[in-house]
Amino acid sequence: GLNIYGAIISSYVSYLIPVLLNYIFIKKVSKIDFSITRCLMLPVIAATVMVLLSYGLYSLLHWLIGFIISGYWGCLISFVPAVLFAVLVYYFVLRKLGGLTDDDLEQISPKLLRLLKKKILYVIKAI
């Protein structure tokens, strides 16, 4: 049987239905044409890449740190860099795919856009 996986699947379906209904409603009422690919598929692709890479980093760190520290602290020390790495991977993949543009960042915060451009250029020049 499905057991616990049924709960996971039903959670996804229960969130997917309102998303699709909202998409249909917004498209009908507002007459705004927006790409479902940009709004849905690009973040899913970026999240998949993020999960794979950050899990790989976490596993590597956990294995390496496991020689020194085990248990809770070993997991924590492995987890924190993996999460920070995950944020960066998601940002860069989403930017590279075109799912997050300068206009999007400008709407969120012009200051954030300037800071990101400044820091990214600094990091790219350092590499």
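The values are calculated or read from the model by the stated rules, or taken from the named source; none is laboratory data. These numbers come from a predicted model, not from an experiment. Note: ideal-geometry Cβ built from the backbone for every residue, glycine included; neighbour counts use all protein chains shown. Only protein heavy atoms, including side chains, enter the accessible area calculation; ligands, DNA and RNA are left aside. Shrake-Rupley method; radii C 1.70, N 1.55, O 1.52, S 1.80 Å.
Label separation (residue 4 vs residue 87): 2.9 nm, computed from points 7 Å beyond Cα along the C-beta direction. Legend: calculated FRET efficiency, residue 69 to residue 23, from the Cβ-Cβ distance at R0 = 41 Å, rounded to 0.05, equals 0.30. Accessible area per residue for the chain is 79 Å², calculated with a 1.4 Å probe on protein heavy atoms, without ligands, DNA or RNA. Of the trypsin sites (Lys or Arg not before Pro) in the range 1-104, the ones in a loop by DSSP (not H, G, I, E or B) with at most 16 other beta carbons within 10 Å are 31. Between 70, 78, 59, the residue with the greatest mean-square fluctuation in the GNM of the chain (Cα pairs under 10 Å linked by springs) is 70. For the pair the range 19-55 / the range 65-98, the C-alpha centres are spaced 25 Å from each other.
Within the listed set 109, 14, 35, the residue fluctuating most in the Gaussian network model of the chain (springs between alpha-carbon atoms under 10 angstrom) is 14. On the chain, 74 percent of the accessible area sits on carbon and sulfur atoms, based on a 1.4 Å probe. Based solely on its DSSP helices, what 222 nm [θ] is calculated for the chain when runs of n ≥ 4 H residues each add -39,500 (n - 2.57) and the sum is averaged over all residues, nearest 500 deg cm²/dmol? Computed ellipticity for the chain at 222 nm equals -27500 deg cm²/dmol. Result for the chain in a Gaussian network model with C-alpha springs under 10 Å: among 83, 29, 44, the largest mean-square fluctuation is at 29.
Annotation note: chymotrypsin sites (Phe, Trp or Tyr not before Pro) in the range 38-117 located in DSSP loop regions with a Cβ neighbour count of at most 13 within 10 Å are 67.
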